[in-house]
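Down below is the structure, laid out as structure tokens.
The values are calculated or read from the model by the stated rules, or taken from the named source; none is laboratory data. Being a predicted model, the structure only gives us computed values, none of them experimental. In this analysis, Cβ positions are derived from the backbone assuming ideal geometry, glycine residues included, and neighbour counts consider all displayed protein chains. The protein model used for the area step is the full one, side chains on, heavy atoms only, and it has no ligands, DNA or RNA in it. Shrake-Rupley method; radii C 1.70, N 1.55, O 1.52, S 1.80 Å.
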Amino acid sequence: MKYTIANFNKVFKTDDDCLAYVFKYRFGNPACPKCENMAWYKVNNRKCWACGKCGYQIHPLAGTIFHKSDTPLKSWFFAIYKFANSRNGVSAKELERDLGVTYKTAWRMAKQIRKLFESGSFKLNGTVEVDDSYMEKTTRHISKTETPKALAMVQRGGAVKAVVIRKAGMLNALPMVQSEVEKGSNIMTDSAPLYIGNLPDYKHQAINHSKGHHARGEVHTQSVDSFFAQVKRSISGTYHQVSEKYLQSYLDEFSWRLSNSRSGIPLFLLMLNRICQLPDVGVEKI
Ligand SMILES: [Zn+2]
């Protein structure tokens, strides 16, 4: 479900509208902790509300990624809106242009926003397609001996997890599957020797691409194949190449977007609400 730009412009006209959203989401209709009064007013030119009776103040941005930032809240919200609605990601260059901020600010905002996408500790289950793929064309600063690979696990009709692994550390792939996928789930892979016979805790089925097979009934890896195609196309199209250091955060971003796209709630609101729920993630001053 998409949150339209018309809707955004109607609901979030000013910084105060954005602040009011955070206040409402985090505190609802609070009773004053000091005097139990329920009436609050927005303090002029300050990012806080005060109790109409005793003056007790609530700072709704405390502990969020917006807290120490001098960038207008509406610019933050618009940046988040862009991330939520762009299938291919958002470059710092684009934010710089659209928000009228410096490149440095845009880059740091993008980095903060990407932290929202870090994967949770839940496990995948049901039928999970697993595959690994080299990321060398989309990644800078690669050491010759250790080309980064990504391992992706796509639950059909559900969430996606993707992690950076090293070629030399391919054996890391199996423990990773074990830590991210519930035992007993159905796993579909191609016929790479790594997987064959090495997933005893799962119902594992493989499809042999080299023999020209792409699907045998339910046995295929089309979801994970299209995940990798999308990630690589998006990175090349939007970022050209990403630094190896940040490859994981881009994988998280695409995984999160795909994982949440079927929730029925606009991704923009899911992202906003996640910010409101998260404790301070160690924000630099932006
Ligand atoms: Zn009060």
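Can you confirm whether segment 265-274 contains a residue that is polar (S, T, N, Q) and not assigned by TED's automatic domain parsing to the domain that holds residue 80? No, segment 265-274 contains no residue that is polar (S, T, N, Q) and not assigned by TED's automatic domain parsing to the domain that holds residue 80.
Does residue 128 qualify as being buried (at least 19 other Cβ atoms within 10 Å of the Cβ) and without any contact (Cβ under 8 Å) to a residue 40 or more places away in the chain? Judged against the criteria, residue 128 is not a match.
This table checks each residue for (1) of a type outside the set (D, E, K, R); (2) open to solvent by less than 30 Å² (accessible area, probe 1.4 Å); (3) over 14 Å from residue 87 (Cα atoms).
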residue: 202; (1), (2), (3): yes, yes, yes
residue: 211; (1), (2), (3): no, no, yes
residue: 224; (1), (2), (3): yes, yes, yes
residue: 229; (1), (2), (3): yes, no, no
residue: 232; (1), (2), (3): no, no, no
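Only one of the listed residues (63, 55, 28) is more than 25 Å from residue 265 (Cβ to Cβ) and small (Gly, Ala, Ser). That residue is 55. Scanning segment 62-93 for residues that are open to solvent by less than 50 Å² (accessible area, probe 1.4 Å) and more than 18 Å from residue 276 (Cβ to Cβ) gives 82, 86, 89, 90, 91, 92.
The number of residues in segment 28-55 being in contact with a strand residue (DSSP E or B) (Cβ under 8 Å, 6 or more places away or on another chain) and within 14 Å of the ligand (Cβ to nearest atom) comes to 14. Does at least one position in segment 20-38 carry a residue that is in contact (Cβ under 8 Å) with a residue 40 or more places away in the chain, among the acidic types (Asp, Glu) and over 18 Å from residue 272 (Cα atoms)? So far as segment 20-38 goes, no, none of its residues is in contact (Cβ under 8 Å) with a residue 40 or more places away in the chain, among the acidic types (Asp, Glu) and over 18 Å from residue 272 (Cα atoms). Identify all residues within segment 1-57 that are among the hydroxyl-bearing types (Ser, Thr, Tyr), over 18 Å from residue 67 (Cα atoms) and open to solvent by less than 100 Å² (accessible area, probe 1.4 Å); write none if there are none. Result: 3, 4, 56.
Among the residues of segment 121-128, is any more than 30 Å from residue 186 (Cβ to Cβ) and assigned to a loop (DSSP other than H, G, I, E, B)?
No, segment 121-128 contains no residue that is more than 30 Å from residue 186 (Cβ to Cβ) and assigned to a loop (DSSP other than H, G, I, E, B).
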